[in-house]
1. For region 22-48, enumerate the residues that are over 12 Å from the mean Cα position of the chain (by Cα) and of a type outside the set (A, V, I, L, M).
2. Considering each of 20, 60, 65 in turn, give the residue that is surrounded by fewer than 18 Cβ atoms within 10 Å (Cβ to Cβ), in a loop (DSSP other than H, G, I, E, B), out of contact with any Gly (no Cβ under 8 Å at 6 or more places or on another chain) and modelled with pLDDT of 85 or more.
3. With 98, 81 as the choices, which residue is part of a loop (DSSP other than H, G, I, E, B), of a type outside the set (Ser, Thr, Tyr), within 17 Å of residue 8 (Cβ to Cβ) and at pLDDT 90 or above?
4. Can you name every residue in region 104-113 that is surrounded by fewer than 13 Cβ atoms within 10 Å (Cβ to Cβ) and either touching an Asp or Glu at 6+ places or on another chain (Cβ under 7 Å) or modelled with pLDDT of 95 or more (or both)?
Amino acid sequence: MSTPKPGDRDTTIDLLRSIRPEGKGITWLGHSVNQQSGCIDLMLLTGDYTKEEMAEALSRRYGERPLNEWVRRINAHFAHLQDGDRRDRSSSMKPHRLKLKEEGGKWTFDLDD
(Lines give C-alpha, C1' and ligand atoms only; values in the text may rest on other atoms or scores of the structure.)
Protein backbone atom coordinates (compact mmCIF):
# COMPACT_ATOMS: atom_id res chain seq x y z
CA MET A 1 0.00 0.00 0.00
CA SER A 2 1.44 3.36 -0.98
CA THR A 3 1.74 6.43 1.20
CA PRO A 4 -1.05 9.00 0.82
CA LYS A 5 -0.43 12.44 -0.57
CA PRO A 6 0.45 14.71 2.36
CA GLY A 7 -2.34 16.98 3.53
CA ASP A 8 -5.14 15.74 1.24
CA ARG A 9 -7.34 14.54 4.08
CA ASP A 10 -6.90 17.66 6.22
CA THR A 11 -7.38 19.96 3.22
CA THR A 12 -10.57 18.13 2.24
CA ILE A 13 -11.97 18.38 5.76
CA ASP A 14 -11.12 22.11 5.90
CA LEU A 15 -12.72 22.65 2.52
CA LEU A 16 -15.90 20.82 3.42
CA ARG A 17 -16.21 23.22 6.32
CA SER A 18 -15.57 26.28 4.14
CA ILE A 19 -17.07 27.61 0.90
CA ARG A 20 -14.16 27.67 -1.60
CA PRO A 21 -13.86 24.35 -3.44
CA GLU A 22 -11.68 25.46 -6.32
CA GLY A 23 -9.12 28.01 -7.33
CA LYS A 24 -7.67 28.87 -10.74
CA GLY A 25 -9.66 26.06 -12.39
CA ILE A 26 -8.20 23.36 -10.13
CA THR A 27 -10.00 21.54 -7.32
CA TRP A 28 -8.39 21.37 -3.89
CA LEU A 29 -7.25 17.85 -4.88
CA GLY A 30 -5.36 19.09 -7.93
CA HIS A 31 -7.87 17.95 -10.58
CA SER A 32 -8.91 20.34 -13.35
CA VAL A 33 -12.51 21.50 -12.98
CA ASN A 34 -12.82 21.17 -16.76
CA GLN A 35 -11.99 17.47 -16.66
CA GLN A 36 -14.06 14.50 -15.54
CA SER A 37 -12.12 14.01 -12.31
CA GLY A 38 -12.63 17.61 -11.21
CA CYS A 39 -16.34 17.42 -11.95
CA ILE A 40 -16.62 14.26 -9.86
CA ASP A 41 -14.72 15.96 -7.01
CA LEU A 42 -17.18 18.87 -7.05
CA MET A 43 -20.24 16.62 -7.23
CA LEU A 44 -18.94 14.63 -4.26
CA LEU A 45 -18.38 17.85 -2.37
CA THR A 46 -22.05 18.81 -2.62
CA GLY A 47 -23.27 15.35 -1.60
CA ASP A 48 -26.29 15.80 -3.88
CA TYR A 49 -25.65 13.08 -6.48
CA THR A 50 -26.10 9.34 -6.84
CA LYS A 51 -23.59 7.58 -9.08
CA GLU A 52 -26.25 7.43 -11.77
CA GLU A 53 -26.88 11.17 -11.51
CA MET A 54 -23.13 11.80 -11.71
CA ALA A 55 -23.01 9.57 -14.80
CA GLU A 56 -25.85 11.53 -16.42
CA ALA A 57 -24.14 14.85 -15.65
CA LEU A 58 -20.82 13.62 -17.10
CA SER A 59 -22.60 12.29 -20.18
CA ARG A 60 -24.27 15.66 -20.79
CA ARG A 61 -21.02 17.54 -20.33
CA TYR A 62 -18.46 15.24 -21.97
CA GLY A 63 -20.45 13.34 -24.55
CA GLU A 64 -22.95 10.59 -24.82
CA ARG A 65 -21.76 7.16 -23.71
CA PRO A 66 -23.65 4.32 -22.14
CA LEU A 67 -24.25 5.23 -18.50
CA ASN A 68 -22.56 2.03 -17.33
CA GLU A 69 -19.30 3.32 -18.89
CA TRP A 70 -19.65 6.57 -16.96
CA VAL A 71 -20.36 4.63 -13.75
CA ARG A 72 -17.14 2.65 -14.35
CA ARG A 73 -15.28 5.97 -14.74
CA ILE A 74 -16.82 7.26 -11.52
CA ASN A 75 -15.87 4.04 -9.70
CA ALA A 76 -12.29 4.38 -10.96
CA HIS A 77 -12.12 7.97 -9.68
CA PHE A 78 -13.61 6.88 -6.34
CA ALA A 79 -10.83 4.26 -6.14
CA HIS A 80 -8.21 6.94 -6.90
CA LEU A 81 -9.63 9.18 -4.18
CA GLN A 82 -9.59 6.35 -1.66
CA ASP A 83 -6.92 3.68 -2.06
CA GLY A 84 -5.69 4.15 -5.60
CA ASP A 85 -6.62 2.43 -8.84
CA ARG A 86 -4.64 0.54 -11.46
CA ARG A 87 -3.61 3.80 -13.18
CA ASP A 88 -2.16 5.07 -9.92
CA ARG A 89 -0.15 1.90 -9.46
CA SER A 90 1.18 1.93 -13.02
CA SER A 91 2.03 5.65 -13.06
CA SER A 92 3.29 6.01 -9.47
CA MET A 93 0.52 8.54 -8.74
CA LYS A 94 -0.37 8.74 -5.08
CA PRO A 95 -3.95 8.06 -4.02
CA HIS A 96 -5.62 10.67 -1.85
CA ARG A 97 -6.62 8.24 0.96
CA LEU A 98 -9.96 9.96 1.49
CA LYS A 99 -13.07 8.21 2.73
CA LEU A 100 -16.31 8.34 0.78
CA LYS A 101 -19.76 7.42 1.97
CA GLU A 102 -23.20 6.88 0.54
CA GLU A 103 -26.13 8.40 2.38
CA GLY A 104 -29.60 7.86 0.97
CA GLY A 105 -28.05 6.88 -2.35
CA LYS A 106 -26.05 10.13 -2.57
CA TRP A 107 -22.24 10.09 -2.40
CA THR A 108 -20.01 12.48 -0.47
CA PHE A 109 -16.75 12.68 1.47
CA ASP A 110 -16.80 10.95 4.86
CA LEU A 111 -15.40 13.19 7.60
CA ASP A 112 -16.01 10.74 10.43
CA ASP A 113 -12.78 9.48 11.95
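The values are calculated or read from the model by the stated rules, or taken from the named source; none is laboratory data. Because the structure is a prediction, the values reported are computed rather than measured. Here the Cβ positions follow ideal geometry from the backbone for every residue, glycine too, while neighbour counts run over all protein chains shown.
1. If the condition is that a residue be over 12 Å from the mean Cα position of the chain (by Cα) and of a type outside the set (A, V, I, L, M), then 22, 23, 24, 25, 34, 48 are the ones that fit.
2. The match here is 65.
3. None of the other options fit; the residue is 98.
4. Within region 104-113, 104, 105 meet the criteria.
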